[in-house]
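J.: A single structure is presented below for examination.
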Amino acid sequence: MDELILYTEHFNFYYGNFHALKNISMGMEAHKVTALIGPSGCGKSTFLRSLNRMNDIIPGTRVEGKVIFDGNDIYEKNVDVVDLRRKIGMVFQKSNPFPKSIFDNVAYGLYINGERNKSIIADRVEESLTGAALWDEVKDRLDKSALDLSGGQQQRLCIARALAIKPEIILMDEPASALDPIATQKIEELIFELKNEYTIVIVTHNMQQAARVSDFTAFFYLGELIEFGDTERIFTNPKLKKTEDYVTGRFG
Amino acid sequence: MKRKWRDMEQALGFTVLRLSAVIIIVILAFILYDVFSKGAGVINWEFLSDKPRKGMTEGGIWPAIVGTFWVSLVTVIVSVPIGMFTAIYLNEYAKQGRLIRIIRLAIRNLSGVPSIVYGLFGFALFTLMLNLGLSVISSGLTLGLLTLPWTITASEEALKTVPRSYREGALALGATKWQTIRTNVLPYAVPGMLTGTILGLARAAGETAPILFTGVAFFWPVLPKFPQMLSQQFMALPYHLFIMSTQHHEIVKVRPLAYGTALVLIFLIVLMNSVAVVIRYRFRKKYKRV
Ligand SMILES: Nc1ncnc2c1ncn2[C@@H]1O[C@H](COP(=O)(O)OP(=O)(O)OP(=O)(O)O)[C@@H](O)[C@H]1O
Ligand SMILES: [Mg+2]
């Protein structure tokens, strides 16, 4: 087994009194794609958002257990959350481009991280848009509003925006849920490419997608991690009946 | 049969609503017509640019216009930053809980306090206690307090219209909270904040009671000069109007001047409201796709 870049130990999450994640222990291997699957409301997004502490901004939430990244628990008191989020980027379920130009969207992360050198920023913007397979479509209108892009382009723009600050891990929450098959395919190819440089955790409702893009799959049900392992095994030879029912579409 | 009754009910409802709207418009039109027909005659360059003369039976209202301008300026300088920062704190930083609820309730209630109470309070605090005397500063501060609840509430509403996804998106890219607010929340909220502020200011500009206690003068013909005027008394449009229409010794003779003053005051307030509407309209257009 390769090195685990990120793993959780007996991780619990609460929204007030609601116990949303129960005793989750699992790990992400570097330069691999880990898929999170499970029926709606089972805690996939909650888990994903716990990995870069995006849930901190929701009032009344509480965690127990550990999330270890680079050998340190990210929920320790002295952890710099801002720095953590630079290393663990995120693409949201609903694409959320800022009402700025395409260029400024991608440059935003560099800008707030203190980068002011125009040519460095321009290079990185091109590199990120290329990385997100969007460059050719937008290179002639970088100064136009990002809100005028199509849904699929917006989602890729958000991926480019995350890539621009060169994180180590990218968390993606159903990045293709609102897209047509062609745009979806583009995103999937993109994930395949990105794997070389990044570690990816992806939430998806699409079983075929999980099977196609991921190396490992975790099946969540009602806040619990039911089964976790090689994607191929989960889909062809699951140990548990519940997992089998879900991946074959018998419930969920 | 049932169908018919439902239709009738709906027709009745619409008629009541339409009638209410019409009544408002008729009243407004009547006021405007009244003021315009009786005041337009005296409006000329002299009226706008001259001081009152001959015991205010002749001349113009220029000192009152200038006085209202300076007081409004002080009001803005007090009300806008404090209001915006308070709103930012309440909406973005404060931990939502009982204390914040109490603060919000207090702000809500403050906006219902009669303006004469603000006048008394301003008199006690600024004029006497802080020794600012009867002055533009005292009045501006008092009106600043009066508009504060409006500024805060409008600013908070404006902040609430900025989608949470802008904040999350920025935070997820490693922005600090303040960076997020500064670069990805405020730029989209400021137009809304301005709109609310201008509306509050328009209300303040027409207030008489608060400035009555704190600095407005019956007759102050010296044209105010910056900065010494800040610590002096001043004339203001609403108070001038009040004097001309109720306190003057030749009340019938000066009636047209009073109407002229009212017309100028209404014009200024309509102007401010229009600016607010334009800002809001532009803002909507720009972000309507979000
Ligand atoms: N902000 C919140 N406050 C309280 N409860 C929440 C909050 N967000 C999510 N939950 C609850 O936590 C549970 C897990 O939600 P989560 O969004 O993680 O599910 P999910 O697996 O991502 O679902 P979906 O596939 O529909 O996106 C659900 O029962 C949900 O109602
Ligand atoms: Mg979700």
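J.: Which one of these is at pLDDT below 95 and among the β-branched types (Val, Ile, Thr): A:ILE88, A:ILE57? Steps first, please.
T.: On the way: A:ILE88 fails: at pLDDT below 95.
Answer to the selection: A:ILE57.
J.: I'd like to check something: does the stretch A:72-84 contain any residue that is touching a residue at least 24 places away in the same chain (Cβ under 8 Å) and away from chain B (no Cβ under 14 Å)?
T.: no
J.: Is it fair to say A:GLY16 is within 16 Å of ligand 2 (Cβ to nearest atom), touching a Gly at 6+ places or on another chain (Cβ under 8 Å) and not basic (Lys, Arg)?
T.: Taking the combined requirement at face value, the residue does not satisfy it.
J.: While we're looking at this one, here's another question. List the helices (runs of 4 or more DSSP H) inside the stretch B:173-290, counting only whole elements, that have at least 3 residues being over 24 Å from the mean Cα position of the chain (by Cα).
T.: B:177-184, B:255-287
J.: If you scan the stretch A:38-83, which residues turn out to be closer than 14 Å to A:LEU171 by Cα and within 16 Å of ligand 2 (Cβ to nearest atom)?
T.: Residues of the stretch A:38-83 closer than 14 Å to A:LEU171 by Cα: A:44-55, A:69.
Within the stretch A:38-83, A:LYS44, A:SER45, A:THR46, A:PHE47, A:LEU48, A:ARG49, A:SER50, A:LEU51, A:ASN52, A:MET54, A:ASN55 qualify.
J.: Let me confirm something: among A:PRO175, A:PRO181, which residue is within 16 Å of ligand 2 (Cβ to nearest atom) and either within 14 Å of chain B (Cβ to nearest Cβ) or open to solvent by 70 Å² or more (accessible area, probe 1.4 Å) (or both)?
T.: After applying the criteria, what remains is A:PRO175.
J.: Kindly provide the set of residues from the stretch B:58-82 that are surrounded by fewer than 20 Cβ atoms within 10 Å (Cβ to Cβ) and without any contact (Cβ under 8 Å) to a residue 40 or more places away in the chain, ordered by number.
T.: Once the filter is applied, which keeps residues that are surrounded by fewer than 20 Cβ atoms within 10 Å (Cβ to Cβ) and without any contact (Cβ under 8 Å) to a residue 40 or more places away in the chain, the stretch B:58-82 yields B:GLU58, B:GLY59, B:PHE69, B:PRO81.
J.: Answer yes or no: is there a residue in the stretch A:70-79 that is modelled with pLDDT under 95, open to solvent by 20 Å² or more (accessible area, probe 1.4 Å) and under 19 Å from B:THR180 (Cβ atoms).
T.: Yes, the stretch A:70-79 contains at least one residue that is modelled with pLDDT under 95, open to solvent by 20 Å² or more (accessible area, probe 1.4 Å) and under 19 Å from B:THR180 (Cβ atoms).
J.: Sticking with this structure for a sec: Answer with yes or no whether A:ALA107 is open to solvent by less than 20 Å² (accessible area, probe 1.4 Å), touching a Ser or Thr at 6+ places or on another chain (Cβ under 8 Å) and over 30 Å from A:ILE24 (Cα atoms).
T.: Judged against the criteria, A:ALA107 is not a match.
J.: Follow-up question, since we're still on this one. Have a look at A:VAL203, A:VAL213 and point out the one that is away from chain B (no Cβ under 13 Å), within 16 Å of ligand 1 (Cβ to nearest atom), closer than 22 Å to A:ILE37 by Cβ and open to solvent by less than 10 Å² (accessible area, probe 1.4 Å).
T.: A:VAL203
J.: Name the helices (runs of 4 or more DSSP H) wholly within the stretch A:64-170 that hold at least 1 residues that are among the basic types (Lys, Arg)?
T.: A:81-87, A:118-131, A:151-164
J.: Given the structure, is A:ALA160 within 16 Å of A:SER128 (Cβ to Cβ) and away from ligand 2 (no atom under 16 Å from the Cβ)?
T.: Against the criterion (within 16 Å of A:SER128 (Cβ to Cβ) and away from ligand 2 (no atom under 16 Å from the Cβ)), A:ALA160 qualifies.
J.: Here's a follow-up. Residues to consider are A:LYS118, A:LYS166; find the one that is open to solvent by 60 Å² or more (accessible area, probe 1.4 Å) and under 18 Å from the mean Cα position of the chain (by Cα). Spell out how you get there, then give the answer.
T.: Numbers: A:LYS118 fails: under 18 Å from the mean Cα position of the chain (by Cα).
Matching residue, one of A:LYS118, A:LYS166: A:LYS166.
Residues are listed down the side, and each one gets a yes or a no for (1) in contact (Cβ under 8 Å) with a residue 12 or more places away in the chain; (2) more than 22 Å from B:THR75 (Cα to Cα); (3) in a helix (DSSP H, G or I); (4) not aliphatic (A, V, I, L, M):
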{"residue": "B:LEU132", "(1), (2), (3), (4)": "yes, no, no, no"}
{"residue": "B:SER138", "(1), (2), (3), (4)": "yes, no, yes, yes"}
{"residue": "B:THR153", "(1), (2), (3), (4)": "yes, no, yes, yes"}
{"residue": "B:ALA170", "(1), (2), (3), (4)": "yes, yes, yes, no"}
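J.: Is it fair to say A:LYS100 is away from ligand 2 (no atom under 16 Å from the Cβ) and open to solvent by less than 70 Å² (accessible area, probe 1.4 Å)?
T.: It is true that A:LYS100 is away from ligand 2 (no atom under 16 Å from the Cβ) and open to solvent by less than 70 Å² (accessible area, probe 1.4 Å).
J.: Here's something else I'd like to know. Quick one: how many residues across the stretch A:196-229 are assigned to a helix (DSSP H, G or I) and more than 16 Å from the chain's Cα centre (by Cα)?
T.: 4
J.: Related question: List pairs: first residue in the stretch A:30-49 and within 14 Å of chain B (Cβ to nearest Cβ) and open to solvent by less than 10 Å² (accessible area, probe 1.4 Å), second residue within 9 Å of ligand 2 (Cβ to nearest atom) and among the basic types (Lys, Arg) anywhere in the structure, Cβ distance under 8 angstrom, at least six positions apart or on different chains.
T.: Pairs found: none.
J.: Can you give me the number of residues within the stretch A:38-63 that are within 9 Å of ligand 1 (Cβ to nearest atom), outside any loop (DSSP other than H, G, I, E, B) and of a type in the set (A, V, I, L, M, F, W, C)?
T.: Count: 2.
The values are calculated or read from the model by the stated rules, or taken from the named source; none is laboratory data. Not measured: the values here are computed from a predicted model. Note that each Cβ is placed from the backbone with ideal geometry, even for glycine, and that neighbours are counted across all protein chains shown. For accessibility, only protein heavy atoms count, side chains too; no ligands or nucleic acids. Shrake-Rupley method; radii C 1.70, N 1.55, O 1.52, S 1.80 Å.
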